[in-house]
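To start, the structure under review is shown below, and the notes come after it.
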């Protein structure tokens with residue numbers, strides 16, 4: 001009983017607090033160079049493409065404000081793999097072929113990308129491709145009924 005009485009009550013942190021994203025919590029000087037964006041050449045085509053992929057994935061998940069730090073981390077990794085897979089695809093297209101080792105790397109990266117995307121909610125969505133068979137049968141039955149009524 002005595003141990004329970006000596007416990008200190010600690011205020012819970014708000015759920016929406018993101019220390020990495022909130023400069024009031026973590027000043028810019030106290031953050032890593034990766035977080036600040038100082039490590040990469042922000043103008044290279046590879047970085048621009050990677051940022052575009054990150055933006056697309058964040059948009060699919062409802063924006064950066066709607067995602068956790070872990071989800072954004074997974075999205076960054078998925079964007080890097082996507083960008084690198086695109087680089088390999090260009091190499092395959094230019095060469096007109098792919099060697100076995102490059103195909104193995106491509107396959108492993110593709111599988112890793114799929115798993116990362118599943119982790120953040122990759123979903124298959126049915127696509128509307130036209131009327132279903134039952135719609136066509138109902139339409140045909142209505143035409144036949146109208147022909148009998150008219151005839």
(message) Once R0 is set to 35 Å, what does the formula 1/(1 + (r/R0)^6) return for the Cβ-Cβ distance between residue 94 and residue 42, expressed as a FRET efficiency to the nearest 0.05?
(response) 0.85
(message) Could you sort the peptides 84-91, 42-49, 115-122 by per-residue average Cβ neighbour count (10 Å cutoff), highest mean leading?
(response) 115-122, 84-91, 42-49
(message) In whole Å, what are the extents of region 45-151 along the principal axes defined by its C-alpha atoms, from largest to smallest?
(response) 69, 43, 24
(message) Taking 0.36 nm per residue of sequence separation and subtracting the Cα-Cα distance, how much length would be gained by fully extending the chain between residue 87 and residue 111, in nm to one decimal?
(response) 7.0 nm
(request) Give the order of 54, 75 when sorted by the count of other beta carbons within 10 angstrom, beginning with the fewest. (result) 54, 75
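Every read-out reported here was derived from the displayed coordinates using simple, explicitly stated rules and does not represent laboratory data. None of these values were measured; they are calculated from a predicted model. Here Cβ is always computed from backbone atoms with ideal geometry, including for glycine, and neighbour counts include all displayed protein chains.
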